[in-house]
């Protein structure tokens, strides 16, 4: 009787060990945070593709500069409209564009080109609403280098976030 | 008891082993999964794509901007500097931007072969062409290339991505098929062209707007833009262009074959091609070998000038030739190099000879302040000057090849002539003699000279266009009037020029002492040009006078007077001791100077040289042209011309006056308004010890014996 009970206890302990191992392994074998990883990648791919297609068609030259290479007045609004037209409704963006120059010491200085905010989430003060980005589940930052026809090197910093991804 | 214990432990032991196995598998799978997730492949790919695309884009724009700047300025240093500046900006911006993403980038400029050595059209030997130092432009030949290249290596250590090495090459290559050029009676001249970009990819999207063709218009004697009648895109980057003259006319043979083609592709990159690569002349000297056959003539060096229409000038006179000249094209002037034979036209060795391009007025008569400006294209008014040597015994013909180099990085020629300003004087040193100019107004007093030529240890002064005389206590002051005005001196690599073009004159009067006046306008307008070639024994002098009003003065009119001797060298052995001049029967009349005031010779039978020399290694001579002699003998009616050789009362100075009006105190002379006097001459320095050198070389300066052109051809 005692011997049978011992056997049963041993078997139960062994089974529990194996079961707990399976339980823990299940969590280990699951890809960590699959939706998170995928959406982040997709956002970056989307952002780069958008900037790349604009660059391929000289979109930056046409949107920002006039035919003599000078920065257009109020180009930010037009730029925002164009970017907005490519954006799915659940993606928010905030774009800053910098003109790269070399200072006297030969270091690169980035001078911000856009005087106005280029974003589809603007607060009541006309600034990009950072709170919305903070609340969004996914945030990605993309840097893109573009050389214009007039040999200006600009750096586009684009922040994207996917609303409702959490 | 022991047995039971063992059996129970076995089950638990088996369970532990299985558990460990499961954990091991789970951890391995987990690691594999997380490693895959951490590769972040997608972002690296996108960043590298951005890098690649914009690198290509920036190189394309840098090359386009560089070709456009060079095409506009004809100067390479600034476009190359700008190209490096632009590249540096892009490189540093890229490094700054991408390094924030964990990317490491390095850039290098490797030497990249663009095309191997080849024989173009079966005739033109083209060496291998490379791109290095970021960009290279190979223009001005039937096959032209604009190229830019840089190498990079890229690593993303955070993703285990190391050592991706890449090379970016952007180019435009144009070939103009020279043999395809032919005239069509209706459509005009036909030419076939091929355009490729990097990796041999044909350029298919060009229209007539992408091309410009220039041809040499014989009627205007300059390069004109042709009218492109039609352009056929034959596919594969091949285009056929039909073009006519600017007046919509067929361009005659052979000028239809001398064309310049520019192409700019839709990326903005320019190339420039010429259908010929050189012009070759055979030039014959007629001044010495016919009279001294087989004799060495080391000083027979001509500073010849080629102008845009291909003609060659000596003393602004076209060398005689009965055929058609290929025009000289219009690359940046720094591209020109001149080669000549040394042992006659069959000599296989062509050696580079000193040359430079000078900028004169459009009629080629007066130099401009841009005299030796090399940041420009060869154009109307430009003279390509080169020094052609016939020194070897018996050599009377030489082949001359004028080439325009293909490499746009070709530097301008180095300066061989030096100019010094010493005190109030301007001295021009040609490595053999120094020509001193009369000081600017206000720096000298009682002037009686215009030039002074220093050679070895002595010098002779030259008074040019001296007119009239004034009475002074105990004698006369000669001349009364001289041309005045400050000299403009321009120095080029192999020839300097000093010139004046003004109506200012200088007048000396004696009223209780010498008084000097500058009259503007004076009685005549005058243009004087002195050309000082590198390392020759001569300088060239042009004088053009037009009298603005009737002028009556004492009887004395000198063209070019030699005066030597100063207050400090009286009795010195370095002084001139002898005079000589050529007679009209080509014999020589010579004599010695005295140590006191006296006349040694008054002679109307003078001809093409007069000289002062000693037997201590010094001599100088004036070598007048035929125009000089003819003019001086016809200016004043009544045969009043004369060569007057005399020793002055002041310091026993030695003088040879070559006079249109002999010095005569018995009356006056009047020069009429509108009288034009135009002459040129050479002035020669030598080692003295007689007069053999001026006697031998003087024909170089006499029109009848000027060089002639035997043949001219354009070379592929």
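The values are calculated or read from the model by the stated rules, or taken from the named source; none is laboratory data. Note that the structure is a prediction, hence the values are computed from the model and not measured. Cβ atoms come from the backbone with ideal geometry, glycine included; neighbour counts cover every protein chain shown.
Key figures
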| item | result |
| --- | --- |
| Strands (runs of 3 or more DSSP E) completely within segment B:101-155 that count 2 or more residues being touching a residue at least 24 places away in the same chain (Cβ under 8 Å) | B:104-108, B:112-115, B:135-138 |
| Test set (1) part of a strand (DSSP E or B); (2) closer than 23 Å to residue A:65 by Cβ - residue A:141 fails condition number | (2) |
| Index of the failed condition, residue A:42 passing every other in (1) modelled with pLDDT of 90 or more; (2) part of a helix (DSSP H, G or I); (3) within 14 Å of another protein chain (Cβ to nearest Cβ) | (1) |
| Matching option when the condition is farther than 30 Å from residue B:664 by Cα and either touching a strand residue (DSSP E or B) at 6+ places or on another chain (Cβ under 9 Å) or not in a strand (DSSP E or B) (or both), among B:476, B:499 | B:499 |
| Some residue of segment B:407-414 being closer than 23 Å to residue B:559 by Cα, within 27 Å of the chain's Cα centre (by Cα), at pLDDT 80 or above and part of a strand (DSSP E or B) | no |
| Unmet requirement for residue B:535, which otherwise passes all of (1) outside any strand (DSSP E or B); (2) crowded, with 17+ Cβ neighbours inside 10 Å; (3) within 31 Å of the chain's Cα centre (by Cα) | (2) |
| All positions within segment B:413-433 that are under 29 Å from residue B:712 (Cα atoms) and crowded, with 20+ Cβ neighbours inside 10 Å | B:413 |
| Restricting segment A:1-18 to residues that are loosely packed, with under 15 Cβ neighbours inside 10 Å and either modelled with pLDDT under 75 or within 10 Å of residue B:22 (Cα to Cα) (or both), the residue that is nearest to the other protein chains (Cβ to nearest Cβ) | A:3 |
| Residue within segment B:559-580 that is surrounded by fewer than 16 Cβ atoms within 10 Å (Cβ to Cβ) and closer than 17 Å to residue B:450 by Cα present | yes |
| So residue B:542, is it part of a strand (DSSP E or B), farther than 27 Å from residue B:297 by Cα and in the same structural domain as residue B:647 (by TED's automatic domain parsing) | no |
| Top-ranked residue of segment A:141-156 - restricted to ones that are within 9 Å of chain B (Cβ to nearest Cβ) and under 14 Å from the mean Cα position of the chain (by Cα), ranked as surrounded by the fewest Cβ atoms within 10 Å (Cβ to Cβ) | A:143 |
| Qualifying position, being touching a strand residue (DSSP E or B) at 6+ places or on another chain (Cβ under 7 Å), within 15 Å of residue A:97 (Cα to Cα) and at pLDDT 90 or above, among A:51, A:63 | A:51 |
| Check on residue B:92, within 22 Å of residue A:108 (Cβ to Cβ) and not in a strand (DSSP E or B) | yes |
| Subset of segment A:60-118 (residues that are within 14 Å of chain B (Cβ to nearest Cβ), touching a residue at least 24 places away in the same chain (Cβ under 8 Å) and not in a loop (DSSP other than H, G, I, E, B)) | A:60, A:61, A:65, A:96, A:97, A:98, A:99, A:100, A:110 |
| Total residues in segment B:627-643, condition without any contact (Cβ under 8 Å) to a residue 60 or more places away in the chain and surrounded by fewer than 20 Cβ atoms within 10 Å (Cβ to Cβ) | 6 |
| Residue pairs meeting the criteria (Cβ under 8 Å; at least 6 apart or on separate chains; first more than 7 Å from chain A (Cβ to nearest Cβ), in segment B:86-100; second part of a helix (DSSP H, G or I)) | B:87/B:58; B:87/B:59; B:87/B:62; B:98/B:47; B:98/B:51 |
| From B:70, B:61, B:81, residue being in a helix (DSSP H, G or I) and at the interface with another protein chain (Cβ under 8 Å from one of its Cβ atoms) | B:61 |
| Which listed residue is under 15 Å from residue B:398 (Cα atoms) and either at pLDDT below 95 or in contact with a helix residue (DSSP H, G or I) (Cβ under 6 Å, 6 or more places away or on another chain) (or both), from B:352, B:358, B:373 | B:352 |
| Qualifying residues in segment B:31-58 (those that are at the interface with another protein chain (Cβ under 7 Å from one of its Cβ atoms) and buried (at least 18 other Cβ atoms within 10 Å of the Cβ)) - the one modelled with the lowest pLDDT | B:43 |
| Residue B:499 in contact with a helix residue (DSSP H, G or I) (Cβ under 8 Å, 6 or more places away or on another chain) and either closer than 29 Å to residue B:629 by Cβ or assigned by TED's automatic domain parsing to the domain that holds residue B:334 (or both) | no |
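Every residue, every condition in (1) surrounded by 19 or more Cβ atoms within 10 Å (Cβ to Cβ); (2) modelled with pLDDT under 95; (3) not assigned by TED's automatic domain parsing to the domain that holds residue A:50, yes or no:
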| site | (1), (2), (3) |
| --- | --- |
| A:69 | no, yes, no |
| A:87 | no, yes, no |
| A:100 | yes, no, no |
| A:111 | no, no, no |
| A:134 | no, yes, no |
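Conditions (1) within 24 Å of residue B:56 (Cα to Cα); (2) touching a helix residue (DSSP H, G or I) at 6+ places or on another chain (Cβ under 6 Å); (3) part of a strand (DSSP E or B), marked per residue:
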{"site": "B:182", "(1), (2), (3)": "no, no, yes"}
{"site": "B:186", "(1), (2), (3)": "no, no, no"}
{"site": "B:192", "(1), (2), (3)": "no, no, yes"}
{"site": "B:214", "(1), (2), (3)": "no, no, yes"}
{"site": "B:233", "(1), (2), (3)": "no, no, yes"}
{"site": "B:250", "(1), (2), (3)": "no, no, no"}
{"site": "B:262", "(1), (2), (3)": "yes, no, yes"}
{"site": "B:267", "(1), (2), (3)": "yes, yes, no"}
